[in-house]
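The values are calculated or read from the model by the stated rules, or taken from the named source; none is laboratory data. Keep in mind the model is a prediction, meaning the values are calculated, not measured. Every residue, glycine as well, gets a Cβ built from its backbone with ideal geometry; the counts of neighbours run over all protein chains shown. The accessibility values were calculated without ligands, DNA or RNA, using every heavy atom of the protein model including side chains. Shrake-Rupley method; radii C 1.70, N 1.55, O 1.52, S 1.80 Å.
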Amino acid sequence: MNPSLDPDTRADLMIHEMTLDEKTQLVHGVGWGVLRSGAPVPSADNGGAGFVPGIPRLHLPDINLADSAVGVRMSAREGRYSTLLPSVLGMSASWDPDLAFLYGSVIGRELRAQGYNMSIGGGMDLIREPRNGRNFEYSSEDPILAGTMVGQLVRGVQSNHIMGDIKHYVLNDQETGRNFLNAVLDPRSFRETDLLAFRIAITLAHPAGVMCSYNRVNGDYACENSYTLNQVLKHDWGFKGFVLSDWGGTHSTVKAALAGLDMDQPGDDGYFSEPLKNAVLDGQVSEARLDDMVHRIVRSMFSSGVIDEPPLRSVVDPFRGRDDAQRIEEEGVVLLQNNGGILPLAPGKVRSIAVIGGHADVGVLSGGGSAQVDAPGGNAVDPQPGTSPWGRAIYFRSSPLRYIRELAAPRASITYDAGTDPAQAAKAAANAQVAIVFVTQWMSEGRDAATLSLPDNQDALVAAVAAVNPNTIVVLETGGPVSMPWVKAVKAILECWFPGIGGGQAIANILFGRANPSGKLPVTFAASDSDLPHPKVTGLTEQMMNFRRDPAAMPRNGPRFRPQPFDVDYNVEGMAVGYRWFQEKNEQPLFPFGFGLSYTHFAYSNLSVDPDAKSVRFDLRNIGSRAGDEIAEVYVTLPASAAEPFRKLAAWKRVSLAAGAMQTVEIPIDPLYLSIFSPADDGWSRPEGDFLFEVGGASADLPLRHTLRLTAIRLQPRPVEN
Ligand code: BGC
């Protein structure tokens, strides 16, 4: 307990005092607890998804783990309040690492106030599958953007003396068949995409935990995959924390322990309790390996501060949380279209607005599954006391209509139509000067969207309104990318993601120009499913969909239908994830990666690249009449010898500029992002040849170009500590 010693020494001193039973006790949870009705809940359990009892005689505290992807889950049961933040994807659309840190610090602050000492948020899977039900918990299709944003988020969590986590390691890129699918990807593409994203986040955040995923990866389950756990994560990246299984993702004792799994959750499957102890006693697993598991857990408890600075229960500040959530949303909204500059609406000029659809009269949509935050006052569209149930679209009471009414001129006429009947909605819209149609796409863990199309006939709703009102504005609240067959018929489109508890006001502020939109897409919006590398979600058959519709059969495989394992072949696109695929195929997406408009305009000039490619420098000017933030993006195309026929994001910077102001922007470039992975050399190197640097405001709009000849360099085998 001497805080002047380093965490590894302190952990070793403690392990020296432990019995074999005590060691085994630390490497598994005590069961499903509050997650499953009827399961035993120990009295010290704080009501979260997981619980690992500590060792009082050694002053080692319990570990209370809480799902907390977009806010702390399961607060209703304990009569607590948690802030619902915008989706991680929406926050990532800000491309603002400081905002990601703030996002994590809100979660860490509220976990601490509620008595938790470990977060199991930190969704890091790459958006390979735009219809993945959990994309709202994830960050981007680009590994550098995703790794940076999630790394900063987890740093924010841990800044509150909470153990952070990054999940689901790895290639858990779709929900369909997640418990039995086998994700297939060649070693080089794997290192340069999904693994690169995890590497960046883990190097930035040094999280206490990495949660291995349900699926198989190139044959072995992710929680017993020696390549991804022992070799890549622990050996190559030097990860010092512990690997915990996703809930029910452990499939063996000896194989998992030897492959690098350190903690079995929720733990009542018995793999890491008596059977692990017996495996140690009969020598199948060495005691040194068990000590290593325990060391990783205990050293993380010391290094994060949960022992020296344990959680201090207090009242969550809902006002501060709401303000933070609103700010995050305002930075993350993406203005996709603004024909004729219809936005921002001028309060003095707009006399009548028809607001339609999306339950905009009562609230904003949230994402489901283990990321679901309990709605204060219950679901705004169907108030029921208690926990927000799994499998239902939950709306939070932050009504865009209310704030639109507040910001419009006092005598403006504002009507609301639910949008359930397109003909009736068109009638309401026909008489108004402006129509604002809210459309929603509810997404959740455990299910993927079958298509990019909006559900519930909402495309017909938008088309019907746009046919009668030339000033139609569409506000999207979606889990991820959707198609928009009506794009040419409407004036303006705002992507607001899942907007969080400050969402209603943030959306109104953007509509009326109190906030200037500045977000850029962290994912490509394809025009249709047929343009995607996988035109259909792999394995999403009719039978699977029926199975999915029966909540009683989830998440366990029900008795009536046993789905067969299948491969998801990510070699189809390999490294060409997202925007790279569209470039390689020379196809136009609906809206490209990195794209987003502002109420002002920016001009780029004077690019220069440091001779060693350590940084780029250029001038950025706000040429409009309003202050605004621009996300300036730097892409690199590697020499032809690299065999990567697409540009890749290498760096970016979010810059605030007053109207008319100019700034010379300098952005450092990490040599890793100019390098390729060679499985034969088992390492990274920057190839020799001509590198094309391009700079601009979107992946498909890069006015500045500079070609630089670079020599070959080999990179350090391990990430540099920072
Ligand atoms: C999810 C995890 C979550 C865990 C505990 C699993 O179903 O995949 O993300 O942390 O449950 O609730």
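Under a cut-off of 18 Å between alpha-carbon atoms, report the lysines in cross-link reach of LYS585, not counting same-chain residues fewer than 8 places apart.
LYS536, LYS648
Just to confirm a number: summing +1 for Lys and Arg and -1 for Asp and Glu over residues other than ASN132 whose beta-carbon lies under 9 angstrom from that of ASN132, what do you get? Don't skip to the end; give the middle numbers.
Working: positive: ARG128, ARG131, ARG134; negative: ASP125, GLU129, ASP173, GLU175, ASP448.
Net of charged neighbours comes to -2.
Any chance you could list the semi-axes, whole Å, largest first, of the equivalent ellipsoid that the Cα gyration tensor gives for the stretch 563-722, using √(5λ)?
Numbers: eigenvalues 184, 96, 39 Å².
Working from the Cα gyration tensor, I get semi-axes of 30, 22, 14 Å.
Less than 17 Å apart at the alpha-carbon level, and either on another chain or at least 8 residues along: which lysines does that give for LYS653?
LYS520, LYS614
Any chance you could run the full-extension gain for GLN543 through ASP619? It's 0.36 nm times the residue separation minus the Cα-Cα distance, nm to one decimal.
21.8 nm
Fully extended, how many nm does the chain gain between ALA44 and ARG57 (0.36 nm per residue separation, minus their Cα-Cα distance)?
Details: separation 13, 0.36 × 13 = 4.68 nm, distance 1.59 nm.
Between ALA44 and ARG57, full extension yields an extra 3.1 nm.
With a point put 7 Å past each Cα toward its Cβ, work out how far SER352 is from ASP456 in nm, to one decimal.
2.7
Quick check: the distance between the Cα centres of the stretch 399-458 and the stretch 555-624, to the nearest angstrom?
For the stretch 399-458 versus the stretch 555-624, the Cα centre distance is 29 Å.
Kindly point out which whole DSSP H helices in the chain project their C-alpha atoms 18 angstrom or further along the helix axis while averaging a Kyte-Doolittle hydropathy of 0.0 or above.
Numbers: long enough: 97-113 (24 Å, 0.35); 143-158 (22 Å, 0.84); 287-304 (25 Å, -0.25); 318-332 (21 Å, -1.85).
The qualifying helices are 97-113, 143-158.
Suppose each label sits 7 Å from its Cα in the direction of the beta carbon; what would the SER608-GLN231 distance come out to in nanometres?
About 4.5 nm separates the two model spin labels.
Straight-line reach from LYS240: which lysines have Cα under 20 Å away, leaving out those fewer than 8 places along the same chain?
Result set, ordered by chain and number: LYS23, LYS167.
I need the calculated FRET efficiency for the pair GLN424 and ASP186, taking r as the beta carbon distance and R₀ as 51 Å, to the nearest 0.05.
FRET efficiency, GLN424 to ASP186: 0.45.
Pop out the carbon and sulfur fraction of the accessible area of the stretch 13-150 as a percent, whole number, probe 1.4 Å.
53
Please list, in order, the residues from the stretch 357-394 whose amide nitrogen is less than 13 Å from a point placed 7 Å along the Cα→Cβ vector of SER37.
In the stretch 357-394, the label zone of SER37 (backbone N under 13 Å from the point 7 Å along Cα→Cβ) covers 387, 389-390.
For the stretch 29-95, what size does the Cα cloud have along each of its three principal axes, sorted from largest down, in whole Å?
Extents along the principal axes, in whole Å: 47, 30, 19.
Based on the Cβ-Cβ distance of SER413 and GLN564, what FRET efficiency does E = 1/(1 + (r/R0)^6) give at R0 = 51 Å, to the nearest 0.05? Could the numbers behind the result be given before it?
Numbers: r = 58 Å, r/R0 = 1.13.
With R0 = 51 Å, the Cβ-Cβ based efficiency is 0.30.
FRET efficiency for ARG405 and ALA643, Cβ-Cβ distance as r, R0 = 56 Å, nearest 0.05?
On the way: r = 57 Å, r/R0 = 1.01.
According to the calculation, E is roughly 0.50.
How many Å² of accessible area per residue for the stretch 199-279, probe 1.4 Å?
With the other protein chains kept in place, the stretch 199-279 gives 26 Å² per residue.
Mind listing the lone cysteines of the chain, meaning no other Cys beta-carbon sits under 4.7 Å from theirs?
CYS496
In cubic angstrom, how much convex hull volume per residue do the alpha carbon atoms of the chain span?
Values: hull volume 109.5 nm³, N = 722.
In the chain, the Cα convex hull volume per residue is 152 Å³.
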